[in-house]
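Engineer: Starting off with a structure, shown below.
The values are calculated or read from the model by the stated rules, or taken from the named source; none is laboratory data. As the structure is a prediction and not an experimental result, all values here were calculated from the model. Using ideal geometry, Cβ is built from the backbone for each residue, glycine included, and neighbour counts are taken over all protein chains shown. Ligands, DNA and RNA are stripped out before the accessible areas are found, and what is left, the full protein with its side chains, is counted by its heavy atoms. Shrake-Rupley method; radii C 1.70, N 1.55, O 1.52, S 1.80 Å.
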Amino acid sequence: MGTTASQLGKDMLSEYQELTFLTKQEILLAHKRFTELLTKDEKDLPNTRVPMDRILTLPELKSNPFRKRICDVFSTSEYKDGGLTFEDFLDLLSAFSDSATLEIKSHYAFRIFDFDDDGTLDCGDLEKLVNCLTGETDDTRLTPEEMRQLINNILEESDIDKDGTVNLSEFQHVISRSPDFVSSFKIVL
Amino acid sequence: MTRDSLITSENDVDIGLEFEGLEDEVDTFQEEHERERHRGKRRDGERAKKKKRGNGERRKRASNAGQEEEKLQARREKKGRRKRSSSDQQAEGREGDEAEQPTTKSSKAAKTRKNVKNEKTRKVEKEEKEDEADDEERNAKRKKKHGSNNKEENVEDGNKHTVKEKAGEVKKKKHKKVVETSSEKETSEEEDSEEEDSEEKEVRPETLTPEELETLKEAVDERKKLIQGLRGKPWAMKKKLVTLRESQEFVEKYEGALGKGKGRKLYAYKVMMTKKWMKFKRDFENFKTACIPWEMKIKEIESHFGSSVASYFIFLRWMYGINMILFCLTFGLVMVPEALMGRPYGTIPRKTVPRAEAPSAMDFAVLWDFGGYAQYSVLFYGYYNNQRAIGWLKFRMPLSYFLVGVGTVAYSYMVVIRTMARNANESGVGDDNSFNFSWKMFTSWDYLIGNPETADNKFASITTIFKEAILEEQESRKDDNIHLTRFLRVLANFLVLCCLAGSGYLIYFVVRRSQKFALDGLENHTWWERNEVNMVMSLLGMFCPMLFDVISALENYHPRVALQWQLGRIFALFLGNLYTFIIALMDEINLKREEEKIVKFNITTWEASLYNISASENSTAPPVTIQPADVPRGPCWETMVGQEFVRLMISDTMTTYITLLIGDFLRAVLVRFLNYCWCWDLEAGFPSYSEFDVSGNVLGLIFNQGMIWMGAFYAPCLPALNLLRLHVSMYLQCWAVMCCNVPQERVFKASGSNNFYMAMLLVILFLSTLPAIYTIVTIPPSFDCGPFSGKKHMFDVIQETLESDFPAWISKVFSSASNPGLVLPFILLMVLAIYYLQSTSKSYKEANVDLKKKLQTQNEENKKKNKLAALKAQMDLEEARKATSPSAEHQKNNNASPDQEDEEEDRGRGQRMYHSQNGRSPPPPRHDGYLPATRAPVPRNYHHGNQGSAGYLPGFPRESEARMHRVSSLQRH
């Protein structure tokens, strides 16, 4: 722990604490876990970007159906390859932490569900979302008929302005009333 | 144009060109841009003020970048206006470079600029150029300043022609508009800039007027607020870092300038203290989280098994906390004082092992049953002396014993009810079912799940949930044979009732039999016969739920309903067992009291004979000293009850642990290793690994706690033992879960069941305090053991204390207060108060629902309105485009990446037109042919920085702001 602390620097640590919902211990743990993902020569470089496939080896993300989306959303990489720097990683953990606000959680949830990055959840996004939730195997998949019905129902409920898509404010409106969103939208290291 | 304005324009051109080079790096929002334009126009109008304001703005921006040091320098030099301004501009350009590099960029801004460029090439007019440059410069200047999102601020975005033409009229109008529409923040910032600018003139902060100080303070506070709220902004870390640093610098810079003389010192001190306090708070927060026990363990489990399994462990930890308090109470106020200050062991009969038991008192078997030395120790009620005050502290032991007993119960009630209320508050938000499907869709994944198997189970369960929901929605489900199902259900319930009755009878029978054994003397019987009661109870608790599970297969309920039935039945079973146990104990208590009467009689004759002997021998001789061990004594039913509960607790614990080891660990080991040489797949097939049974475990924990509450009065050691048990089971179960359990097949949400368990705990608490209170109130305490011996009732100790330790009037008050004439009205008053509170809460709830409805309809209306408006805007846009520039079309065709820019332009104009027509002109005739084509890009485009129609919702100002940030961070790639 001591070595990681010195690597991170006191100023940075306090700034990170200021800017995220994480505690000191969590940041240090995150740093430790993140440096474990780095290869030897990468460790010496500051601000290294860990490619997505290596991030996805983390057990916390491994079985998450939205893992690729999560990486994409939090990545600041220019190549859109989903690689994360340590700061991106902290952003991720902060949004998924216990104490993050509903607002920030729902914001990121929206972006995660917005598969084509167009700013609204349209039928395609919802279909992909359902497929993610029901898993890859065929026996758990919904039939096209069921899918259509389900998406129609969802749009009926949450698409308040009836434009055929769910936008961020509609999404947040729906999410803010949900009893278990905050408790389930969490990732802990 | 006067000379002044021309000069600035020229300068602006330079800057503008500079910025064009940095296109990608400029970060701005549309409204800021626009606001800047307003301001620019106002500047034209109010020439006298112009310089000042411009300075202020620059100044402000500079401070943003943390470079006003340079600026001040430049200002102090007092050179010619032109030179100075140009140097300022250069500084700004530089700053722009530096400041914008790290900040997030919005492509929207870049695109606007591109558009602007387009126009430029289209119409090579100098004026136009100047204007654009002007625009851009201010644009850059004001960036990052405003987060607020006013509708009208988008007015006339990038529309230079109109502005130029209507210059005179528009100037006024705009001014008015700004005043009208600007939010508070805006005004404050305006003041702010003016204020700063005046500060610049006078340079030293000491000479500031109070109002200026006030505004500066406001600015500083705003920055502080920004720093506070920064973590709640969905920006990338880099941007947050930069903003944080800037704001901190700003705050540091100006904090010192605030306040004058004494006030200033005080202010500086206050600031320092707040800083220290913040740091302390943060450290304390860190410390607090580090102090939460088993946090890491629980998080690990949480990440493997999801939140429902973790909720059991959180519940366990919560229980541990409560028991810790109970333990502290009993240990600190009862056991320790008696052990330290009370009479030592062996001084009086009740503190000595009787002669008959002495030889075996140290045997392990006896101690294990809490007999022998364990029975005659502080662990049990009987050991305590009825001396009113003990030790040099004059500690009122019996009173303390009584109050601790009452306090334990009161504290438990308080904690449980408080937790329930808090849970109800938390879950109170989600009481409406209007978003049934959406919730299932958006919130059903538990992101904590980190185990592939759990994930698979979750997938399956989500699929079933979806399918069920669809089915329910269609309401096409038909019961194929309703009579058969009904019959089966009735049958199942009948069987369960039989089970319950059977188990109740068995326990009663066993307890009676054990009394017979006890009368015969325990040592004549086998281990089984001695521990029959506890073993039977534990075994029933273990096997009956399995039986119920089998029976419930008959009923063919929905799994969730089935689980509830199952829980209800187990609850009934446990409760029945516990109560039969208590009833049997009551019988035993009555038997003991009979025995006690006989013993009491015997003792008087014994004492009399003793007295007679001593009197006859020698009347002057010292009284015969009798060993306390030889004194005959009563059966002391309180200790017996305590012992029973302790034994029950121990055997319950043992069964739990043994089941854990055999049922989970051994099974897992067997399945794991025999699988290599077995004819079918053990892991996937019949035995497989065991699941972690959350509800069963929670129930077990609750009933265990019920036993503690019941028995704690008669055995002060119970909380301590329970603490030990919980501690061990925390580690043992954590280990067992991680190493040999598979996740549940049916994963239930934790949040829904939280209060359900709490309610159960409350019921158990009530039911377990009932018999304890009954015995305390009605049965007279034993005559020769315990702190209340010699009194008629245990609660007489209160009266005694009142009479002897307090002045007379208090006891008088109490006795008059306890007469029925006063008590009954008081109770009536309480009932009325409860009724009143309940009815008010009901009316509040109704009002809440009404408000919710209102809000919803309003939102919907707003959305509709906005949609209409957006539609109109589209038409106008078409119109405008057609009307204004046929050359634009031409231009676009030549463009390298026409799509985006076209859209961009569309958007900008669309918004502008929409707003302008909103205010003034009637909508132009619509061009139907263009409608679909232009309609399409609107929602699609918002991602590039434009807001979709919903972005203008007055009800959702923050969302749209958030979206803006989000856009910029997206575009940073």
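Engineer: Is region A:161-172 home to any residue that is in a strand (DSSP E or B) and at the interface with chain B (Cβ under 7 Å from one of its Cβ atoms)?
Structural biologist: So far as region A:161-172 goes, yes, one or more of its residues are in a strand (DSSP E or B) and at the interface with chain B (Cβ under 7 Å from one of its Cβ atoms).
Yes or no, residue by residue, for (1) open to solvent by less than 20 Å² (accessible area, probe 1.4 Å); (2) within 19 Å of the chain's Cα centre (by Cα):
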{"residue": "B:LYS279", "(1), (2)": "no, no"}
{"residue": "B:ASN286", "(1), (2)": "yes, yes"}
{"residue": "B:CYS291", "(1), (2)": "no, yes"}
{"residue": "B:TRP294", "(1), (2)": "no, yes"}
{"residue": "B:GLY306", "(1), (2)": "yes, yes"}
{"residue": "B:TYR312", "(1), (2)": "yes, yes"}
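Engineer: How about region A:75-90: which of its residues are open to solvent by 10 Å² or more (accessible area, probe 1.4 Å) and within 20 Å of A:GLU18 (Cα to Cα)?
Structural biologist: A:THR85, A:PHE86, A:GLU87
Engineer: Right, here's the next one. Tell me the residue from B:LEU721, B:LEU674, B:LEU648 that is assigned to a helix (DSSP H, G or I), among the hydrophobic types (A, V, I, L, M, F, W, C), closer than 21 Å to B:TYR320 by Cβ and open to solvent by 20 Å² or more (accessible area, probe 1.4 Å), please.
Structural biologist: B:LEU721
Engineer: Same structure, new question: Name the single residue that is nearest to B:VAL404 (Cα to Cα) among those in region B:336-349 being modelled with pLDDT of 85 or more, open to solvent by 20 Å² or more (accessible area, probe 1.4 Å) and not in a loop (DSSP other than H, G, I, E, B).
Structural biologist: Step by step, filter region B:336-349, then rank; the result is B:VAL336.
Engineer: Counting only residues that are open to solvent by 10 Å² or more (accessible area, probe 1.4 Å), of a type in the set (Ser, Thr, Tyr) and in contact with a helix residue (DSSP H, G or I) (Cβ under 8 Å, 6 or more places away or on another chain), give me the helices (runs of 4 or more DSSP H) lying completely in region B:363-461 with at least 2 of them.
Structural biologist: Because the criterion is at least 2 residues that are open to solvent by 10 Å² or more (accessible area, probe 1.4 Å), of a type in the set (Ser, Thr, Tyr) and in contact with a helix residue (DSSP H, G or I) (Cβ under 8 Å, 6 or more places away or on another chain), the helices (runs of 4 or more DSSP H) in region B:363-461 that meet it are B:397-427.
Engineer: For region B:767-818, enumerate the residues that are under 28 Å from B:TYR345 (Cβ atoms), among the aliphatic types (A, V, I, L, M) and not in a loop (DSSP other than H, G, I, E, B).
Structural biologist: B:ALA772, B:ILE776, B:VAL797
Engineer: A follow-up question, please. Could you look through region A:111-150, keep only residues that are of a type in the set (Val, Ile, Thr) and open to solvent by less than 40 Å² (accessible area, probe 1.4 Å), and pick out the one that is farthest from the other protein chains (Cβ to nearest Cβ)?
Structural biologist: Here the residue is A:ILE112.
Engineer: Kindly provide the set of residues from region A:150-189 that are in contact with a strand residue (DSSP E or B) (Cβ under 6 Å, 6 or more places away or on another chain) and among the aliphatic types (A, V, I, L, M), ordered by number.
Structural biologist: Passing the criteria: only A:VAL166.
Engineer: Right, another one. Every residue in region B:278-294 that is at pLDDT 80 or above and not basic (Lys, Arg), please.
Structural biologist: B:MET278, B:PHE280, B:ASP283, B:PHE284, B:GLU285, B:PHE287, B:CYS291, B:ILE292, B:PRO293, B:TRP294, listed by residue number.
Engineer: Give region B:523-548 a look and list any residue that's among the hydrophobic types (A, V, I, L, M, F, W, C), free of Cβ contacts under 8 Å to residues at least 60 places away in the same chain and surrounded by 13 or more Cβ atoms within 10 Å (Cβ to Cβ), or say none.
Structural biologist: B:VAL536, B:LEU540, B:CYS544, B:LEU547, B:PHE548
Engineer: Looking at region B:421-455, which of its residues are at pLDDT 75 or above, within 21 Å of A:LEU150 (Cβ to Cβ) and more than 7 Å from every other protein chain (Cβ to nearest Cβ)?
Structural biologist: B:LYS440
Engineer: Quick check: anything in region A:60-81 more than 9 Å from chain B (Cβ to nearest Cβ), assigned to a loop (DSSP other than H, G, I, E, B) and closer than 19 Å to B:LYS238 by Cα?
Structural biologist: Scanning region A:60-81 turns up at least one residue that is more than 9 Å from chain B (Cβ to nearest Cβ), assigned to a loop (DSSP other than H, G, I, E, B) and closer than 19 Å to B:LYS238 by Cα.
Engineer: Restricting attention to region A:94-103, report how many residues are open to solvent by less than 10 Å² (accessible area, probe 1.4 Å) and assigned to a helix (DSSP H, G or I).
Structural biologist: Matching residues across region A:94-103 total 2.
Engineer: Further question: Out of (1) open to solvent by 40 Å² or more (accessible area, probe 1.4 Å); (2) modelled with pLDDT of 85 or more; (3) within 49 Å of the chain's Cα centre (by Cα); (4) of a type in the set (Val, Ile, Thr), what's the single condition that is false for B:ILE589?
Structural biologist: The failed condition is (1).
Engineer: Could you grab me the full set of residues in region B:278-297 that are outside any loop (DSSP other than H, G, I, E, B) and either in contact (Cβ under 8 Å) with a residue 40 or more places away in the chain or charged (D, E, K, R) (or both)?
Structural biologist: B:LYS279, B:LYS281, B:ARG282, B:ASP283, B:GLU285, B:LYS288, B:GLU295, B:LYS297
Engineer: A:GLU157: charged (D, E, K, R) and within 7 Å of another protein chain (Cβ to nearest Cβ), yes or no?
Structural biologist: yes
Engineer: Could I ask something else about it? Going by the structure shown, is B:LYS863 open to solvent by less than 60 Å² (accessible area, probe 1.4 Å), within 30 Å of A:VAL166 (Cα to Cα), among the basic types (Lys, Arg) and part of a helix (DSSP H, G or I)?
Structural biologist: Answer is yes for this residue.
Engineer: Then there is this: Can you tell which of B:TYR657, B:TYR676 is closer than 30 Å to B:GLU638 by Cα and out of contact with any Lys or Arg (no Cβ under 7 Å at 6 or more places or on another chain)?
Structural biologist: That would be B:TYR657, the only listed residue that is closer than 30 Å to B:GLU638 by Cα and out of contact with any Lys or Arg (no Cβ under 7 Å at 6 or more places or on another chain).
Engineer: Here are A:ARG49, A:ARG33: which of them is at pLDDT below 85, surrounded by 14 or more Cβ atoms within 10 Å (Cβ to Cβ) and basic (Lys, Arg)?
Structural biologist: A:ARG49
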